[in-house]
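*Asks:* Sharing a structure, written as structure tokens. Questions coming.
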Protein chains: 2
Amino acid sequence: MTASINADRLMADLRDLADIGKDRTGVHRPALSPEDLEARRWIAGRMEEAGLSVSMDRLGTTVGRFPGVSQAVIIGSHTDTVPHGGWLDGALGVVYGLEVARALLEAGETDGLGVDVVNFQDEEGTFVPCLGSGIFFGEIDLESMHSRSDAQGRVLGNVLKDAGTADLLHSVDPARHVGYLEAHIEQGPRLENGGIGVGVVGSIVGIRRFKATAEGREDHAGTTPMNLRRDAGAALLHLGSEVHRRFHALGYPDTVWNTGSIGFSPGAPNVVPKSGELIIEFRAPSVDTLDSMEAEIRDAGEWAAGQSGAGITIDRTADVAPTPMDAGMVEALRQAARDLQIAVLDLPSGAGHDAMVAARHLPSGLMFTPCINGRSHTIEEDAHEADIIRGCQVMLQVIRRLRATA
Amino acid sequence: MTASINADRLMADLRDLADIGKDRTGVHRPALSPEDLEARRWIAGRMEEAGLSVSMDRLGTTVGRFPGVSQAVIIGSHTDTVPHGGWLDGALGVVYGLEVARALLEAGETDGLGVDVVNFQDEEGTFVPCLGSGIFFGEIDLESMHSRSDAQGRVLGNVLKDAGTADLLHSVDPARHVGYLEAHIEQGPRLENGGIGVGVVGSIVGIRRFKATAEGREDHAGTTPMNLRRDAGAALLHLGSEVHRRFHALGYPDTVWNTGSIGFSPGAPNVVPKSGELIIEFRAPSVDTLDSMEAEIRDAGEWAAGQSGAGITIDRTADVAPTPMDAGMVEALRQAARDLQIAVLDLPSGAGHDAMVAARHLPSGLMFTPCINGRSHTIEEDAHEADIIRGCQVMLQVIRRLRATA
């Protein structure tokens, strides 16, 4: 018998999991909520039934160890969600791990390289983004995060005291763990629009965020001649428009940007704005591209200041470096899809995932599966069953390839 | 003896009036506040001392009738202020009227055309903009305004009940009143910058205000490719920037515009804005120019929608027609300044005044005097004494001219 994905079992597990914290067509399982812990216990139970050796730590991060092996690839993701989120985000990657390990175990393919399944806590940042993977890979000290609180003001340290979880914290085992794989819905429309079965992520993009602050002078908008104004509002409108224009003109592949937030003060129709703020964010797969885009913003800021008479200062408020995935894992994922005659697209990940943390510690790979209309982080999030099943088959195939070369 | 302005008396009256409701270097006399009513009673007393026949009506609008004449020009303005406003705005025009009438009376120039002095209530719109002049000229029915409230929620009808004012409402006397004159600080920098003694207003500009609403789609700003977005934020940035660019390019004299208020929803740095609003306002002295500018906004809206994938709707939320001043009054003001060898600038008024209401009912003229740094509606508002005195001399001179031709 050769290990194979049981499509009905895979879909049933995903559907059953989606009933925990169900919110209309989505789920509501913020990290460490009762629903989140219930989902983690349910997944732990399914891992045990599959024959994995399971333990949940203080955070709720759960490891299912493959029995009888000295080395294993981790397949991981997370079952916590954003508020009123989708049923697949995170859950898909965990259930893929469960199904792949289960398929190997039931087929007796238990020698050599195993598959440890990890369900990380709080990837979505209810308290701290990628908290579980950050602790697992030793990047975060939990004590230093105890005072962090969620949007409702609940403090992490207190929530953990009340959670009734075990007094241990899982961590990576460098002698055992030889790689990390994660699957996730794309959260974008490129696979669906291209009719492509899986995406292989070459890099998780870097993100830079800027606060552009304009300082002008408050004037009567009826009585002050245009050439004497120092118009903080016009400054930011020009800056924002120009940034969009220039970034389009640069034509860099795989870059995105956003002007998501703006405000003028005092904000009255008949008062020339005295000051204002515009938030500009952009993402790119390489540091060189990030640097070029930043240079354009700063140059556009000088131009916009000259157009408006207001002063503009541009502060970088966030800077996340791009995270390349492991070349060997990327190639293994590509080959696995080709083995199954499934079309593959190389693409960057525009969002962070636990794989971003893992990639700094283990050879890591990240695979995307198509979702419907690119929707995620909403109860409208969905995917076609055929795409869900196909993705799991690719995940099993890449494990097969890694086992063959281990 | 020939009537002449008593500069010391003029300045003393302005300074004494500024002590009522004094707020640091400015005044705080919102319409129908105790300070406002005290100021009105003080001005009424000064009118009586000058020999005018004075009565204050239910609103606080005060008329000082010139004795012994059957016809009079009204010189008017208002002593109510915006919160924490300037000491000259409004007050200047009322005290000019007082001083001109007083100068005529003390010189015995009492035959023929007289000067009635009017101190209108609530020009600043604490309850209703130009409430006093609107009622005086029959444009507003007071009963219909009783439910209007100020920013603190005080209701006009109740405030009037408690004010203890007389049970009468003043109105224009068409048989008696042959014209209206108002003086006001410029509220802008053109006279000061040009070293010019007085401005003569040809027209109070028309104002149109628009709410531009963009409707797009909320998307993840990291995972949604740029070409698939419907970005309501980019739409409004492009629209606002383009409107500034086009209005500058039109090069119409005496036009001003403002983009004073903007907001995006949901307003998060990493979420493509689903919707947004931008308020655009512009002012011009002619309807043709207003129409041309409106056409540019609508055309720019279509262009910006095409750039961003979002829909843009542009709603006109306010439309105030330009108010031309009377050609005879404009010429009389110009000639009066020339008589005194004072440099004159023709200019529009970018803000509304009681003269805007009056001009629909009487031949009306509006004169501006220089102010410092164009500041008004703030406690920083100020003017040089020499400019204040010179303006009052021009006002007396124009009355002299009108009396000569009456």
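The values are calculated or read from the model by the stated rules, or taken from the named source; none is laboratory data. Note that the coordinates shown come from a computational prediction; the quantities given were computed from them, not determined experimentally. Neighbour counts are summed over all protein chains in view; Cβ atoms, including those assigned to glycine, are modelled from backbone coordinates with ideal geometry. The accessibility values were calculated without ligands, DNA or RNA, using every heavy atom of the protein model including side chains. Shrake-Rupley method; radii C 1.70, N 1.55, O 1.52, S 1.80 Å.
*Asks:* Of A:Thr289, A:Thr25, A:Thr62, A:Thr405, which has the most accessible area with a 1.4 Å probe, and how do the rest follow in descending order?
*Replies:* Ranked from most to least accessible, the order is A:Thr405, A:Thr25, A:Thr289, A:Thr62.
*Asks:* With each run of n ≥ 4 DSSP H residues scored as -39500 (n - 2.57), what mean residue ellipticity at 222 nm is computed for chain A after dividing by its residue count and rounding to the nearest 500 deg cm²/dmol?
*Replies:* -11500 deg cm²/dmol
*Asks:* What is the spin-label model distance, in nm, from B:Leu169 to A:His84 if the labels are put 7 Å beyond Cα along the C-beta direction?
*Replies:* Reported label-point gap for B:Leu169 and A:His84 is 4.9 nm.
*Asks:* Compute the signed sum of charges (Lys and Arg +1, Asp and Glu -1) over the other residues within less than 12 Å, Cβ to Cβ, of B:Glu381.
*Replies:* -3
*Asks:* May I pose another question? Out of the total accessible area of the range B:92-209 (probe 1.4 Å, heavy atoms of protein only), what percent is carbon and sulfur?
*Replies:* 47
*Asks:* Helix A:7-18 against the longest principal axis of chain A: what's the angle in degrees, Cα atoms only, rounded to the nearest 10?
*Replies:* That works out to roughly 50 degrees.
*Asks:* Once the mean 1/r over all distinct Cα pairs of the protein assembly as shown is inverted, what Kirkwood radius in angstroms do you read off?
*Replies:* The Cα-based Kirkwood calculation yields 31.0 Å.
*Asks:* To the nearest 10 degrees, how steep is helix A:287-308 against the longest Cα principal axis of chain A, on a 0 to 90 scale?
*Replies:* 20
*Asks:* Express in Å², to the nearest 10, the accessible area of B:Arg41 obtained by rolling a 1.4 Å probe over the protein heavy atoms while all chains stay in place.
*Replies:* Counting only protein heavy atoms, the figure is 120 Å².
*Asks:* Let me know the shape class of the range A:50-168, please: from the alpha-carbon gyration tensor, a ≥ b ≥ c as square roots of the eigenvalues, rounded when a/c is under 1.5, otherwise prolate if a/b is greater than b/c, or oblate.
*Replies:* Prolate is the answer for the range A:50-168, as a/c is 1.5 or above and a/b outweighs b/c.
*Asks:* Please compute the net charge surrounding B:Gly195, taking Lys and Arg as +1 and Asp and Glu as -1 over other residues with Cβ under 14 Å from its Cβ.
*Replies:* -1
*Asks:* Give the dimensionless ratio obtained when the Cα radius of gyration of the range B:257-399 is divided by 2.2 N^0.38 Å.
*Replies:* 1.47
*Asks:* Then there is this: Taking R0 as 41 Å, what FRET efficiency do you get between B:Ser70 and B:Ala318 from their Cβ-Cβ distance, rounded to the nearest 0.05?
*Replies:* 0.50
*Asks:* Between rounded, prolate and oblate, where does the range A:159-224 land on the alpha carbon gyration tensor, with a ≥ b ≥ c its root eigenvalues, rounded for a/c under 1.5, else prolate if a/b exceeds b/c?
*Replies:* oblate
*Asks:* Here is a follow-up. Using the Cα atoms as the points, what is the convex hull volume per residue of the range B:192-349 in Å³?
*Replies:* Enclosed volume per residue, from the Cα hull, is 111 Å³.
*Asks:* Under 5 Å between amide hydrogens, which residues at least 5 positions from A:Thr81 or on another chain qualify, with H placed 1.01 Å from N in the peptide plane?
*Replies:* Here the answer is A:Arg29, A:Ala31, since their amide H atoms fall under 5 Å of that of A:Thr81.
*Asks:* Can you give the Rg to Rh ratio of the range A:198-262, both from alpha-carbon atoms, with Rh computed by the Kirkwood formula?
*Replies:* In the range A:198-262, Rg relative to Rh is 1.17.
*Asks:* Please report the base-10 log of the normalised intensity I(q)/I(0) for the range B:147-194, using a Debye sum with one equal scatterer per alpha carbon and no solvent, at each q in 0.16, 0.20, 0.24, 0.25 (1/Å).
*Replies:* Values returned for q = 0.16, 0.20, 0.24, 0.25 Å⁻¹ are -0.84, -0.84, -0.88, -0.91.
*Asks:* Check which residues have an amide H placed less than 5 Å from B:Ser349's amide H, if you skip close sequence neighbours.
*Replies:* B:Gly202, B:Ser203, B:Ile204, B:Val205
*Asks:* Assuming R0 = 45 Å, can you tell me the calculated FRET efficiency for the pair B:Asp111 and B:Ala12, based on Cβ-Cβ distance, to the nearest 0.05?
*Replies:* Calculated transfer efficiency: 0.95.
*Asks:* What translational diffusion coefficient, to the nearest whole µm²/s, does chain A have by Stokes-Einstein, given a Kirkwood radius computed over alpha-carbon pairs, a temperature of 37 °C and 0.692 mPa s viscosity?
*Replies:* 144
*Asks:* Give the angle, between 0 and 90 degrees and rounded to the nearest 10, that separates the Cα long axis of helix B:327-339 from the longest principal axis of the Cα atoms of chain B.
*Replies:* Computed tilt is about 60 degrees.
*Asks:* Continuing with this model, one more query. With just the Cα atoms defining each centre, how far is the range B:197-240 from the range A:111-130? Give it in Å.
*Replies:* Here the two parts' Cα centres lie 44 Å apart.
*Asks:* To the nearest Å, what is the center-to-center distance of the range B:58-108 and the range B:333-382, using C-alpha atoms only?
*Replies:* What the calculation gives is 15 Å, centre to centre.
*Asks:* Would you look at the GNM of chain B, springs on alpha carbons closer than 10 Å, and say which of B:Gly222, B:Gly125, B:Gly179 moves the most?
*Replies:* B:Gly222
*Asks:* Another one. With no solvent and one point per C-alpha, what does the Debye sum give as log10 I(q)/I(0) for the range A:1-75 at q = 0.18, 0.25 Å⁻¹?
*Replies:* -0.85, -1.25
*Asks:* Something else: Report, in listed order, any pair from A:Lys22/A:Lys211; A:Lys22/A:Lys161; A:Lys211/B:Lys22; A:Lys274/B:Lys161; B:Lys22/B:Lys211 with a Cα-Cα distance greater than 31 Å.
*Replies:* A:Lys22/A:Lys211; A:Lys211/B:Lys22; A:Lys274/B:Lys161; B:Lys22/B:Lys211
*Asks:* In chain B, what residue has the beta-carbon at the shortest distance from the axis of the rotation relating B to A, and what is that distance in angstrom, rounded to the whole number?
*Replies:* Of all Cβ atoms in B, the one closest to the rotation axis yields B:Ser241, 2.
*Asks:* What is the spin-label model distance, in nm, from B:Ala327 to B:Lys161 if the labels are put 7 Å beyond Cα along the C-beta direction?
*Replies:* Those two pseudo-labels are separated by 5.2 nm.
*Asks:* In nm to one decimal, list the spacings between the B:Gly164 label point and its equivalents in the other copies, with label points set 7 Å along Cα to Cβ, shortest first.
*Replies:* Spelled out, the distances from B:Gly164's label point are 7.1 nm.
*Asks:* Moving to a separate point now. Just to be sure I understand: of the beta bridges DSSP finds with both ends in the protein assembly as shown, what percent are antiparallel, rounded to 5?
*Replies:* Antiparallel: roughly 65 percent of the beta bridges in the protein assembly as shown.
*Asks:* If I stretch the segment between A:Arg338 and A:Met1 completely, what's the gain in nm (0.36 nm per residue apart, minus their alpha carbon distance), one decimal?
*Replies:* Gain on stretching A:Arg338 to A:Met1: 119.1 nm.
*Asks:* Quick one: of the DSSP bridges fully inside chain B, what percent are antiparallel, nearest 5?
*Replies:* Among the beta bridges of chain B, antiparallel pairing accounts for roughly 65 percent.
*Asks:* Give me Rg/Rg_expected for the range B:231-297, where Rg uses Cα atoms only and Rg_expected = 2.2 N^0.38 Å with N residues.
*Replies:* 1.28
*Asks:* Between copies, how far does the label point of B:Ser147 sit from its twins, in nm, shortest first, when each point is 7 Å from Cα along Cα→Cβ?
*Replies:* The projected label point of B:Ser147 is separated from its counterparts by 5.3 nm.
*Asks:* What is the range B:99-200 by shape, rounded, prolate or oblate, if you read a ≥ b ≥ c off the alpha carbon gyration tensor as root eigenvalues and call it rounded for a/c under 1.5, prolate for a/b larger than b/c, and oblate otherwise?
*Replies:* oblate
*Asks:* Can you check what the net charge comes to around B:Lys22, using other residues whose Cβ is under 12 Å from the Cβ of B:Lys22 (Lys, Arg +1; Asp, Glu -1)?
*Replies:* Residues near B:Lys22 contribute -2 overall.
*Asks:* In peptide B:186-194, what is the residue-averaged number of other protein chain Cβ atoms found within 10 Å of each Cβ?
*Replies:* Mean number of neighbouring Cβ atoms from other chains: 3.
*Asks:* Placing the label point 7 Å from Cα along the Cα-to-Cβ direction, what are the distances from A:Arg24 to the equivalent spots in the other copies, shortest first, in nm to one decimal?
*Replies:* So the distances to the same position in the other copies read 5.0 nm.
*Asks:* For chain B, modelled as a GNM with alpha-carbon contacts under 10 angstrom, which of B:Phe368, B:Phe127, B:Phe247 fluctuates the most?
*Replies:* B:Phe247
*Asks:* For the range B:121-256, take the convex hull of the Cα atoms, compute a quarter of its surface area, and give me that in nm², please.
*Replies:* 15.7
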